[in-house]
Amino acid sequence: MREELLELLVDPETKQPLRLEGDRLVGGSRPYPVVNGIPRISWRASDDQRQTEESFGFKWQQTATYGSQGMMEFAGAWLAERYGFESVAEMRAWFGSRKRILDAGCGSGYSAAALLEPGSHREMWVGADISTAIDIAQGRLGEIDGTHFVQADVMHLPFANETFDTVFSEGVLHHTPDTRAALLALVPLLAPGGELLAYVYRRKAPAREFVDDHVRSLVSTLPPEEAWEALRPLTRLGQALAELDAEVDVPEDVLVLGIPAGRYSVQRLVYWHFAKLFWNESMTFEENHHVNFDWYHPRYAHRHTPEEVDAWCAEAGLHVVVRTLQPSGITIRAVKDP
């Protein structure tokens, strides 16, 4: 663990500074181990939270199912579009200009790998994740100057208030016990004038919401390895629908099902309005399967309305400068009031 990170660490409960003694951090409510150079700041997790932690730890260990050039290009373009940048290069340059970045719920560093550039002006990037995916993040990104890693819960992070000028939380807050509480827990870590970038799931059509909850209720009770296999037929069905290469016209809004009028491929019609059967032909089967597992296995996967997110930002003293609404989710960039 590098000295620069140690200077930032506090006990998440008492907010007292932590100091390193051997392979432990002490000075707070309890000692915390440092393993492989990574502080492990544990918290009192619920059973559902531990299930979500285990699910993501397993998912990010499946390194062959993400990270290909095609998938990284797709991820980078999707990030830039949603966060209001004209290109991936512009988004990378923006991140490079920030001083201290907290990646809250960094997983294996998948999103960060698309955005961090060696040699940028950034002082430090700190990746925090509740799961053992943090070890994979360190393996992927640890050679980049200024990167640091902490295993900790995003709702109880071991940093003093106003430590960072940027907090990035891509697709994480909805995987906590309470999305609103998770957002409100991050805002104090921002310095005045700092910027929060976050993405949360959006509430879907009623049939899709019902099916999503039904499938999750079945597979989230399974160990990750079993759930991974149990969901394979679902991914194959998404592939089969896409390979039909057929389209259908919805002649008028079907209000009772939440389906807008328009022309859809059969796979997209089912995907958006009846069941998440993700398929993208530019990705391998295992990469597509990774996306479906990511959706269905974690017990915490809350969905929200734009009005909810707007209200939370106002409550937190955040001024939204970019707000992107897509069927999949809600993306914001918001500046903390001085």
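The values are calculated or read from the model by the stated rules, or taken from the named source; none is laboratory data. Quick caveat, the model's predicted, so the values are computed rather than measured. Neighbour counts are summed over all protein chains in view; Cβ atoms, including those assigned to glycine, are modelled from backbone coordinates with ideal geometry. Accessible surface areas use protein heavy atoms only, side chains included; no ligands, DNA or RNA. Shrake-Rupley method; radii C 1.70, N 1.55, O 1.52, S 1.80 Å.
General remarks:
- Accessible area per residue, Å², region 110-149 with all protein chains present, probe 1.4 Å: 38
- Rolling a 1.4 angstrom probe over the chain with all protein chains present gives an accessible area of which 53% lies on carbon and sulfur atoms.
- Contour excess over end-to-end distance, with Cα ends at THR284 and LEU20 and 0.36 nm allotted per residue: 90.6 nm
- Estimated inter-spin distance, THR305 and LEU325, nm [label 7 Å along Cα→Cβ]: 1.1
- Cα gyration tensor, region 198-269 - rounded (a/c under 1.5), prolate or oblate: oblate
- Look at the dipole of the chain built from charges on Cβ: of TRP279, ALA198, PRO233, the Cα furthest out on the positive end belongs to ALA198.
- Taking label points 7 Å from Cα along the Cα-to-Cβ direction, GLU117 and GLU243 give a separation of 4.1 nm.
- Ranked by how many other beta carbons lie within 10 Å on average, peptides 268-277, 90-99 from highest: 268-277, 90-99
- Along the axis of the charge dipole computed for the chain (Cβ charges of +1 for Lys and Arg, -1 for Asp and Glu, origin at the Cα centre), the listed residues VAL270, ILE144, LEU318 are led at the positive end by LEU318.
- The aspartates and glutamates within cross-link reach of LYS336, meaning a Cα-to-Cα straight distance under 15 Å and a gap of 8 or more places when in the same chain, are GLU162, ASP165, GLU195, ASP310, GLU315.
- Fraction of C-alpha pairs exceeding 38 angstrom in the chain: 15 percent, rounded to a whole number.
- The chain: most fluctuating residue of VAL248, VAL26, VAL88 per GNM, C-alpha cutoff 10 Å: VAL248
- Theoretical gain in end-to-end length, GLN69 to VAL266 [0.36 nm per residue, Cα-Cα removed]: 68.2 nm
- The residues of region 202-338 expose on average 48 square angstrom of accessible surface per residue, using a 1.4 Å probe on protein heavy atoms.
- Net lengthening on full extension, ASP145/ASP213 (0.36 nm per residue, minus Cα-Cα): 20.3 nm
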